[in-house]
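Data block below; observations after.
The values are calculated or read from the model by the stated rules, or taken from the named source; none is laboratory data. On a predicted model such as this, the values are computed, not experimentally measured, just so you know. Here the Cβ positions follow ideal geometry from the backbone for every residue, glycine too, while neighbour counts run over all protein chains shown.
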Amino acid sequence: MKNYYAVLGLNQSASSADIKKAYRDGCKKYHPDKNAHPDAHLLFIEIHEAYEFLCNDENRRLYHISISKSKQNDRVREWQEKKRREAQARAVEYAQVNLSYNLLFLCLCLLIIVVPLYQFIQQQELPEAEQKPFVAFLVPMLLGFAMGTYAFHSWFIEKKDIFK
């Protein structure tokens with residue numbers, strides 16, 4: 001079984017506040033959106049898993065009991081494995097959510113650029129007196145381009161999430 005205190009860089013006498021602080025620091029350091037290292041995603045999940053075990057007082061008490069016993073019975077081992085899988089699943093889900101929002105935002109930016117461009121092309125078939133000036137199409141396209149550029153720079157250059 002993993003030593004969750006070592007994962008968070010703490011000892012067994014750590015308080016709930018210490019655990020929470022170590023968890024937040026670890027998340028800031030290893031969140032996939034902020035850390036480009038290929039194993040950052042796995043480290044983030046491991047930190048979240050450790051926090052899930054240690055933040056609940058009952059889980060933490062049972063974890064201490066399991067650490068102190070040299071031989072664990074099958075029920076405790078099953079419980080630990082179940083809790084570990086649940087914590088890992090929640091961490092994976094949390095890490096994936098931001099990517100979905102980021103991609104949706106980039107799609108929105110592309111739509112803001114493409115739709116006015118398409119409308120401008122379509123209006124060329126109208127008589128010249130009924131056509132709107134090019135500036136009416138240029139403004140939304142520039143807005144979409146600016147939003148997309150800002151988002152791209154934030155996510156891929158600065159490695160921060162603009163939705164937080």
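Are any of the residues in segment 133-149 at pLDDT below 90 and within 30 Å of E46 (Cα to Cα)? The answer is no, given that none of the residues of segment 133-149 is at pLDDT below 90 and within 30 Å of E46 (Cα to Cα). Look at L117 and say whether it is more than 15 Å from D33 (Cα to Cα), modelled with pLDDT under 90 and surrounded by 13 or more Cβ atoms within 10 Å (Cβ to Cβ). Here the answer is no, as L117 does not meet what is asked.
The number of residues in segment 37-64 being assigned to a loop (DSSP other than H, G, I, E, B) and not polar (S, T, N, Q) comes to 3. When K20, K2, K29, K34 are checked against the criterion of being assigned to a helix (DSSP H, G or I) and either loosely packed, with under 12 Cβ neighbours inside 10 Å or in contact (Cβ under 8 Å) with a residue 12 or more places away in the chain (or both), K20 stands alone in meeting it. Going by the conditions given, is L108 at pLDDT 80 or above, in a helix (DSSP H, G or I) and closer than 30 Å to A151 by Cα? Criteria met by L108.
Could you please let me know if N73 is at pLDDT 75 or above, out of contact with any His (no Cβ under 7 Å at 6 or more places or on another chain), farther than 25 Å from S154 by Cα and polar (S, T, N, Q)? Criteria not met by N73.
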